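Here the structure comes first, spelled out in C-alpha cells, and everything after it is commentary.
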Amino acid sequence: MSIGLLISAASWAQSKPAITFEDSAVAASGLTPGKSVVWFGVELRVDAEYSTSRTERYHVGTVASDGTARFTLNQPVAVLGFAAGYGIGTVANNTIPGLSDSIQAGLGKILDSIFLSGATKTTLNVTNGLIAAAARELGKITAAGGPEKDPSGKHHPKEIKAMLDRAARLAKRLPGKLGAQTLEKIYALAEQAGVPLQ
Amino acid sequence: MKTLATLEAKEEIEDVVFHLKGLVEATQEIAAQIELLDETIDNDLDRAAGAMGALEAEIYTHLAYHMKELRKPFRRLFRAMCSELDKQEKTAKMSSVKVANKKHNKG
C-alpha cells in the first residue's frame, strides 16, 4: 500500500511533518492544527495465487489540535512501499477523483514524490529514454551530412520511427502539461527525422 | 562501433550489417546504463530511475527492434552462405575425384 499525503501550504507547520503507520491507519504529525489535509492511497494487494487487487482511497480531513491527522482504513495496512515527500511540487494531475474542484483549487500544490506520480515517473523515464535513443540515431543522420548522404539512410528513419511511436504512445499517458510538452519534443524529433508518427 | 570494412562494402547484405551494428550499439548503451545504475542506485534515485528508463527503452524497443528486423535478412544470408559452402564442397569433391581418376587412368 502506498499512501500519499497532500498538504496545503497553509497546513504545513514549522516543523517537518512525519508519517507513521498504525495497524489499520496512517497518521501524520507536525501539521498546523485546524487546517485541511488530503490523504490518498493506492493499495495493491497480492493474494496467494498472485492475482492483484488495486484500490484507490481518498480522504479529506482536518488537522487536530495536537497537529496530527489520521487516515483510517477498514483493513490492516499492508505496506509494500511508501511514497511520500515533503517538497511542494506542482500539480501533476489536476483531476484527483473524489475531490471537489474547490478543494483542489484551494490546495493548488501537491507533493512531488507521491505514489500516484510513481507510475507517471516510470512512464516519463522510459519516454525520455526513448527520446534520447531516437535523438542519438538522428545524430547519426546529421553526422553523415543528412539523409541523402547517410549510408544507412533507409534504415535510420525506420528505427527512429519505432522509438518515437512508442514514446508518443507513452507520452499520451502523461498528465496535463507534462504530456503535452513531452509530445511536443517527440513530434519535433519526428519532423527532424522526416518520419510521420502513428 | 568500428567500421566493418569488408561487410560494409557488400551492399547486398546492408540490412544484416546495419542491424548487427545496431544490436552492438544497443548493448553498449545498456552496459553504460547498467554502470550508471550501479553508481547511482544508493545515492541518487532520480538518476537511477533515469538509467532504468533508458534501460527499458534500449532493451524493449531498441534491441528488440534490431532483433526483429534482423531475423529474415540474417536467415537469408546464413542460408545463402551455407548453400555456397555446400556448392564449394561439392566442387572440391568433384575436382578431387577427377584428379584421382586422372591418376588412376595414367597408372
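The values are calculated or read from the model by the stated rules, or taken from the named source; none is laboratory data. These numbers come from a predicted model, not from an experiment. Cβ coordinates were reconstructed from backbone atoms using ideal geometry, including for glycine residues, and neighbour counts include every protein chain displayed. Only protein heavy atoms, including side chains, enter the accessible area calculation; ligands, DNA and RNA are left aside. Shrake-Rupley method; radii C 1.70, N 1.55, O 1.52, S 1.80 Å.
Could you tell me which residue of segment B:38-51 is nearest to B:K21 (Cα to Cα), considering only residues that are part of a helix (DSSP H, G or I) and away from every other protein chain (no Cβ under 13 Å)?
Here the residue is B:D38.
Looking at A:S152, is it under 29 Å from B:L23 (Cα atoms), modelled with pLDDT under 85 and within 10 Å of chain B (Cβ to nearest Cβ)?
Yes.
Among the residues of segment B:18-37, are any open to solvent by 40 Å² or more (accessible area, probe 1.4 Å), β-branched (V, I, T), within 12 Å of another protein chain (Cβ to nearest Cβ) and within 27 Å of A:A135 (Cβ to Cβ)?
no
Condition test on B:Q33, is it of a type outside the set (A, V, I, L, M, F, W, C), under 18 Å from A:K121 (Cβ atoms) and outside any loop (DSSP other than H, G, I, E, B)?
yes
Report yes if A:T142 is more than 10 Å from chain B (Cβ to nearest Cβ), on the phi < 0 side of the Ramachandran plot and surrounded by fewer than 17 Cβ atoms within 10 Å (Cβ to Cβ), otherwise no.
yes
Restricting segment B:52-98 to residues that are of a type in the set (A, V, I, L, M, F, W, C), more than 25 Å from B:I34 (Cα to Cα) and open to solvent by 80 Å² or more (accessible area, probe 1.4 Å), which is farthest from the other protein chains (Cβ to nearest Cβ)?
B:M94
Note down all Cβ pairs under 8 Å where the first residue falls in segment B:56-78 and is within 17 Å of A:A132 (Cα to Cα) and touching a residue at least 24 places away in the same chain (Cβ under 8 Å), the second is in a helix (DSSP H, G or I) and of a type in the set (S, T, Y), and they're at least six residues apart or on different chains.
Final answer for the pair search is B:L63/B:T27.
So, in segment A:145-198, of the ones that are among the charged types (D, E, K, R), open to solvent by 60 Å² or more (accessible area, probe 1.4 Å) and assigned to a loop (DSSP other than H, G, I, E, B), which residue ends up nearest to B:K68 (Cα to Cα)?
Taking the candidates together, the pick is A:K154.
Please name all residue pairs, on different chains or six or more residues apart, with Cβ atoms under 8 Å, provided the first residue is in segment A:124-139 and is more than 7 Å from chain B (Cβ to nearest Cβ) and under 14 Å from A:L183 (Cα atoms) and the second residue is open to solvent by less than 20 Å² (accessible area, probe 1.4 Å) and among the hydroxyl-bearing types (S, T, Y).
Sorted first by the residue in segment A:124-139, then by its partner, the pairs are A:L124/A:T182; A:T127/A:T182; A:I131/A:T182.
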